[in-house]
Amino acid sequence: MIARNTKISLDLSKDDFIQIYKACLDRREKLDRLQKESEDEDVVADAGNDLVEINMVIGELKVRADQNWGDSGWTASDQYL
């Protein structure tokens, strides 16, 4: 059995990285909505725990992107310019 926190390394293009980053943002939004709207205590607790973890992942992704491409060198926005 492989430990849950075993690390993995990936080499991603900027485009692939942004797609993964966007997917994490979408997941965070869904978990946030679940936590706010559910009346089931277990669902609220699970969503809260997952929110903590996804926020840590998003934070680490942002740090890595900023290190590689600078603060303004990448974007995760789908809005038209």
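Among residues of segment 1-41 being β-branched (V, I, T) and not in a helix (DSSP H, G or I), the one that is modelled with the lowest pLDDT is I2. For segment 28-65, a residue qualifies if it is surrounded by 13 or more Cβ atoms within 10 Å (Cβ to Cβ) and among the hydrophobic types (A, V, I, L, M, F, W, C), and the qualifying residues are L31, L34, V43, V44, A47, L51, I54, V57, I58, L61, A65.
The values are calculated or read from the model by the stated rules, or taken from the named source; none is laboratory data. Note that the coordinates shown come from a computational prediction; the quantities given were computed from them, not determined experimentally. Methodologically, a virtual Cβ is constructed for each residue, glycine included, from the backbone with ideal geometry; neighbour enumeration extends over all protein chains shown.
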